[in-house]
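To start, the structure under review is shown below, and the notes come after it.
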Amino acid sequence: MRTNVVIIGAGPAGLMLGRLLELAGVDAIILERRSPDYVLGRIRAGVLEQGTVDLMERAEAGTRMHAEGLVHRGIELSFDGDRHRLDFSDLIDRTVMVYGQTEVTRDLIEARQSSTVYEAEEVELHDFDTAHPRVTYRQAGKTHRIDCDYIAGCDGFHGISRQSVPTTALTTYERTYPFGWLGILVDQPPVADELIYAHHARGFALCSQRSHTRSRYYVQVAADEKVEAWSDARFWDELRLRLNPETAEALKTGPALEKSIAPLRSFVAEPLRFGRLFLAGDAAHIVPPTGAKGLNLAMSDVAALADALIEATLEKSSAGIDAYSAKVLQRIWKAERFSWWMTSLLHTFPETGPFGRRIQRADFDYLRSSHAAQQSLAENYTGLPW
């Protein structure tokens with residue numbers, strides 16, 4: 001079998017890349033080791049920058065997003081119960097859209113008409129440092145081979161794509177945080193019209209949402225915490241303690257539809273091109289979810305990669321693929337900085353002691369009093385230029 005591009009991974013990044021190539025007339029095959037049901041079962045965040053909204057439209061997959069997505073003009077920050085709302089529309093005339101990553105994935109699956117191979121096992125990347133790369137995989141007990149021009153690694157942090165790169169060719173930067181997010185999904189109306197990010201002496205909390213009738217809530221927990229130790233009742237009691245009294249009183253609880261703990265990590269790999277192999281999305285970088293950058297960074301990666309691969313395939317120009325790594329890494333590091341700053345402001349770090357909390361309080365108070373600081377947060381949260 002032969003194609004122009006083999007895409008490893010059918011998450012949002014791989015699906016979006018495949019769809020953009022498909023619309024441009026570039027042949028691409030997506031290989032995914034899991035089943036479609038498993039892919040759609042992944043519960044992830046869903047705050048979309050305007051750039052991601054625009055990209056969904058370019059992919060001709062935005063109809064349901066515009067019908068069901070929730071446009072948000074701002075967010076609320078809280079520190080020990082003191083509240084401050086940032087109005088993005090007023091500050092920088094921009095908004096974000098709340099639309100679950102699962103729904104983005106579903107829309108891209110339904111929009112794509114070309115081949116996606118699910119349950120592809122033992123995927124291996126070969127000769128990507130030559131002009132004739134190829135990929136092999138096993139499915140239903142049979143080995144298959146795909147010859148191609150380029151390989152796009154969109155298979156996440158633990159995927160085979162980055163693992164296939166010689167360690168001597170790769171530099172990685174990583175910070176693992178000493179806590180995680182315990183999240184719960186519930187069929188109850190959101191406690192507020194916009195997201196609430198709360199810092200409390202007991203730890204961070206986030207009130208988020210998926211729709212007008214489904215909510216997602218998080219609390220900071222120790223990195224070694226077990227989800228089995230948290231009953232629904234314990235979670236709701238802890239969340240109320242971390243919110244201001246008015247919000248806590250308005251909170252509507254219910255049985256958890258899903259409950260899980262996500263560790264927090266900052267990670268960047270450099271470079272992102274190795275011959276004819278390109279890394280994108282979580283295969284290239286991880287951000288803590290505090291700044292809502294993960295999905296959006298992946299989408300900006302594949303937007304740039306799609307343009308580069310289209311140019312290379314149809315126009316026989318290497319300018320785009322030669323510039324890809326340096327171009328997207330500039331934006332990646334800015335998003336890493338913002339995500340790190342939001343995490344540092346809103347979470348408790350026991351090792352920093354009382355001095356650390358007073359610095360966080362000063363940071364919050366400065367943000368409340370400075371129009372320029374609020375504009376900076378709004379600019380980064382809604383998304384830097386692509």
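Projecting the Cα atoms of Tyr173, Ile146, Gln101 onto the charge dipole of the chain, computed from C-beta unit charges around the Cα centre, puts Tyr173 farthest toward the positive end. Here the range 9-60 and the range 240-296 have alpha carbon centers that stand 18 Å from each other. Computed across the range 230-386, the Kirkwood radius stands at 18.7 Å (inverse of mean 1/r, all Cα pairs).
Over the chain, what is the mean sequence separation of C-alpha contacts under 8 Å (at least six apart), divided by residue count, expressed as relative contact order in percent? Please report the intermediate quantities before stating the final value.
Details: 790 pairs, mean separation 78.5, N = 386.
Here the relative contact order equals 20 percent.
If you take Rg and Dmax of the Cα atoms in Å from the coordinates, which of (i) 21.3, 64; (ii) 24.5, 78; (iii) 22.6, 75 do you get? Given (i) 21.3, 64; (ii) 24.5, 78; (iii) 22.6, 75, the structure-derived one carries the label (i).
Listed by chain and number, the aspartates and glutamates whose alpha-carbon sits under 19 Å from that of Lys226, ignoring those within fewer than 8 places in the same chain, are Asp237, Glu238, Glu258. A helix-only calculation puts the chain at -12000 deg cm²/dmol for mean residue ellipticity at 222 nm, using -39500 (n - 2.57) for each DSSP H run of at least four residues, averaged over all residues.
Compactness of the range 4-107 is given as radius of gyration and Dmax, 16.8, 55 Å, from Cα positions. In plain terms, the bigger the Kirkwood radius, the slower the diffusion; for the range 163-286, with that radius from Cα pairs, at 25 °C and 0.890 mPa s, Stokes-Einstein puts D at 148 µm²/s. On the principal axes of its alpha carbon atoms, the range 182-245 extends 33, 24, 18 Å, with the longest extent given first. Cross-link candidates for Lys327: which lysines have Cα within less than 19 Å, leaving aside residues fewer than 8 places away along the same chain? Here the lysines satisfying the reach criterion relative to Lys327 are Lys293. A convex hull fitted around the alpha carbon atoms of the range 266-348 yields 68 Å³ per residue. Scanning residues 5 or more positions from His72 or on other chains, those with amide H under 5 Å from its amide H are Val96, Met97, Val98, with H placed 1.01 Å from N in the peptide plane. To the nearest 10 degrees, how steep is helix 353-369 against the longest Cα principal axis of the chain, on a 0 to 90 scale? Compared with the principal axis, the helix lies near 90 degrees. Counted by Cβ distance under 15 Å from Asp87, the other residues give a net charge of -1, where Lys and Arg count +1 and Asp and Glu count -1.
Values quoted throughout were computed directly from the atomic coordinates according to the rules given, and no laboratory measurement underlies them. Just so it is clear, the structure is predicted and the values come from calculations on it, not from any experiment. With ideal geometry, Cβ positions are generated from the backbone for all residues, glycine too; neighbour counts draw on all protein chains shown.
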